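**Q** Structure below; questions to follow.
The values are calculated or read from the model by the stated rules, or taken from the named source; none is laboratory data. Keep in mind that this is a model prediction, so the values were computed, not measured. Note that we place each Cβ from the backbone using ideal geometry, even for glycine, and neighbour counts take in every protein chain shown.
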Amino acid sequence: MTSDILWSPGRNAVADANITRFAARCGFAEAPYDVLHRWSTSAPDAFWQAIWAFCGVAGTPGSIAYRAAPDGGMLGGAWFPEARLNFAENLLRGPGEVLAVVAAEEDGSFTRWTRGEVRAEVARIANGLADLGVGPGDRVAGVLPNRIEALVALLATASLGAVWSSCSPDFGTAAVLDRLGQIRPKVLFAAPAYAYGGKRHDIAERLREMVAGMPSLERVVTTGEAGLAGAAVPATNWAEFGRPGTEPSYRPVPFAQPLYVLYTSGTTGKPKAIVHSAGGVLLQHLKEHQLHSDLKTGDVLSWYTNTAWMMYHWCISGLASGATVVLTDGAPILKTGHDLDVSALWRLAEAVSITHFGTSPKYLHTVAEAGYRPGDRHDLSALRAVLSAGAPVAPDQFDWLYDAVKRDMMFASISGGTEIIGCFMLGNPTLPVRRGHLTCKALGLAVDVLDERGASVIGRKGDLVCTEPFPSMPLTFWGEGGDQRYRDTYFAQRPGIWTHGDLAEQTIYGSGIIYGRTDTTLKPGGVRIGTAEIYAAVERFPEVEDCLVFGAPVAHDEEIVLCLKPADGQLVSAELASRIRRAIREAASPRHVPHRIHAVAEIPYTLNGKRVEGAARTMLVGGIVKNRDSLANPDSLEIFAKLSRETAL
């Protein structure tokens, strides 16, 4: 069928795409993408050596790209075992006068930084860290907004071969200690105050509590004008820290040298601390940026994110492809009275000629609901791609993007995760964009969808898996028993196969559809149903600001519970509930229709902005949510503890 195709690349665009040149260099000039993909997973040594060469990685690759595990399984192998590289060097190299960073404020102002200016700041901060004895394996942490200081501190840490880990300053004390406390950092970079939503938020007292809770700390470096008097360890202001320098000294490290520690959401217990390698992160991001996103030297890449989400790390890696990266501090949407101003990111896109605009389905939904049409209001002639992550993108959001933003551009709904700091399925500049589909499987990742028998299926829902090793797999989980916890999380369900936890479908076109997490999959009558289809139907109703759907146990079965947060001035009536049920039935199936609909005042979200279906279900059945500190609005859970006593629509 061609009716679902919303965009196809022109002949010249295909010929000019990075992936076209890569395929030709590897001997696949006339081959369809599926053939290139199968080669990339069946010949990992040749493929990843080709990625290293094509992307021009700074470092020495050695003679082998992959040494397989003795048992041939996914765990126990070694990627580029002879290689030496430095992550920061790969991001910072290039002419000093070239624009590297645009640091944007909430009010629309921004500052430009050249590569030379960023390198000088990295050199200064790295000198300060080295003077404190920071070296390979030491941990340096950040509680910072998405500003230039966070990027510089990260790159200074990486230049020394040390390990970086960060949280957003809006995290509570317990949430930060649950994460950074696990890795025992030596130095902490922190902002005693930050701006968001037109307000200044002072977190100095909270920051003192965090410092007191991390006895491993030897120094705190504070950003901004505010200091940190009374901290349990010496505190130095950013401007006074370090020694001046013009060029960092990059320490070559092994491919598998730990670079980042990232964290899972932590709603079922303490967040898992996932350790990622310098080489794995670099190669994965170079491949995804250059081949799947067609990012080129001089392009401008943005992603609205905080410093805790993996998409922050994904975005800043765009520097390694010669792109300018945009750092966005503050709120993307401002509220004035009852009105929402959704224009900030689009004004920025016009002002700095963003070519690759990264966002989330929730943001796109809010902009569309506001009736805002960016393409009519802004010069987006530079824009070549919009990318979205964090949740499945509804089919009607695809329609809105091509109608209200731009017709001639690539839209890529991408899916992967913190666990791989990359994507299993994403875009492709040489393939058509189909409504509601993720365009293709990622090169180098043997992605499949398996049913309950373990058989590969097309056109049916199943578990998203990866059957062959890849470089950005975690090294381990931090802490005692980390290797075993890693195996238990991703390999217990199917020994020897990475089971990611997404309910998915692969199509006859080679594209994919993600229906949601399997731990929130609904099973009324024993049939697996993804939540994404229900969310997509409900979000079309302007009377509803937000919603949450989950399954509740009942008499050896499960019933679907839909909770609606009404928009300002709206009520959840029986008539609205009836229209929503009808829309879900027509858009999905009779099995998707909720058994119960409730009006709620708030929807629970994690600190990283993801809905928390499991915690709501736990509260409904009288259970205990173990780690409320991982939620942005934990008090909202009390609403769901009372639902069982309320009359449903």
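**Q** What strands (runs of 3 or more DSSP E), lying completely within segment 301-360, carry at least 3 residues that are assigned by TED's automatic domain parsing to the domain that holds residue 384 and over 28 Å from residue 179 (Cα atoms)?
**A** Qualifying strands (runs of 3 or more DSSP E): 334-336, 339-341.
**Q** Which of (1) crowded, with 19+ Cβ neighbours inside 10 Å; (2) without any contact (Cβ under 8 Å) to a residue 60 or more places away in the chain; (3) closer than 22 Å to residue 257 by Cα is the odd one out, the single condition residue 477 does not satisfy?
**A** The single condition residue 477 does not satisfy is (2).
**Q** Report those strands (runs of 3 or more DSSP E) wholly inside segment 215-281 carrying at least 3 residues which are within 28 Å of the chain's Cα centre (by Cα) and modelled with pLDDT of 95 or more.
**A** 219-222, 258-263, 273-277
**Q** OK, next. Can you spot a residue in segment 157-167 that is over 21 Å from residue 263 (Cα atoms) and assigned by TED's automatic domain parsing to the domain that holds residue 276?
**A** Checked against the condition, which is being over 21 Å from residue 263 (Cα atoms) and assigned by TED's automatic domain parsing to the domain that holds residue 276, segment 157-167 yields at least one hit.
**Q** Which is over 19 Å from the mean Cα position of the chain (by Cα) and either modelled with pLDDT of 95 or more or buried (at least 16 other Cβ atoms within 10 Å of the Cβ) (or both), of 318, 337, 322?
**A** Residue meeting the stated conditions: 322.
**Q** A further question follows. Residues being in contact with a strand residue (DSSP E or B) (Cβ under 9 Å, 6 or more places away or on another chain), farther than 26 Å from residue 331 by Cβ and part of a helix (DSSP H, G or I): count how many of those fall in segment 156-191. Give the derivation first.
**A** The first filter runs over segment 156-191 and keeps only residues in contact with a strand residue (DSSP E or B) (Cβ under 9 Å, 6 or more places away or on another chain), leaving 156-158, 160-171, 175-176, 178-180, 182-191.
Subsequent filtering for residues that are farther than 26 Å from residue 331 by Cβ retains 156-158, 160-163, 182-187.
Going one step further and asking which of them are part of a helix (DSSP H, G or I), we end up with 156-158, 182-183.
Number of matching residues: 5.
**Q** If you take the residues in segment 382-434 that are in contact with a strand residue (DSSP E or B) (Cβ under 7 Å, 6 or more places away or on another chain) and part of a helix (DSSP H, G or I), which one is surrounded by the most Cβ atoms within 10 Å (Cβ to Cβ)?
**A** Selected residue: 401.
**Q** Report yes if some residue within segment 68-87 is touching a residue at least 24 places away in the same chain (Cβ under 8 Å), part of a helix (DSSP H, G or I) and not polar (S, T, N, Q); otherwise report no.
**A** Within segment 68-87 (the criterion being touching a residue at least 24 places away in the same chain (Cβ under 8 Å), part of a helix (DSSP H, G or I) and not polar (S, T, N, Q)), the answer is yes, since at least one residue qualifies.
**Q** Of the residues 609, 614, 623, which is assigned to a loop (DSSP other than H, G, I, E, B), in contact (Cβ under 8 Å) with a residue 60 or more places away in the chain and surrounded by fewer than 21 Cβ atoms within 10 Å (Cβ to Cβ)?
**A** 609
**Q** Looking at this structure, is residue 105 among the acidic types (Asp, Glu) and free of Cβ contacts under 8 Å to residues at least 24 places away in the same chain? Break it down into steps so the answer makes sense when it comes.
**A** Values: among the acidic types (Asp, Glu): yes; free of Cβ contacts under 8 Å to residues at least 24 places away in the same chain: no.
Criteria not met by residue 105.
**Q** Within segment 74-94, is there a residue that is surrounded by fewer than 20 Cβ atoms within 10 Å (Cβ to Cβ), polar (S, T, N, Q) and touching a helix residue (DSSP H, G or I) at 6+ places or on another chain (Cβ under 8 Å)?
**A** no
**Q** Among the residues of segment 95-145, which ones are more than 17 Å from residue 159 (Cα to Cα), among the β-branched types (Val, Ile, Thr) and crowded, with 24+ Cβ neighbours inside 10 Å?
**A** 143
**Q** Going residue by residue through segment 33-41, is there one that turns out to be in contact (Cβ under 8 Å) with a residue 24 or more places away in the chain and within 25 Å of residue 153 (Cβ to Cβ)?
**A** Scanning segment 33-41, I find no residue that is in contact (Cβ under 8 Å) with a residue 24 or more places away in the chain and within 25 Å of residue 153 (Cβ to Cβ), so the answer is no.
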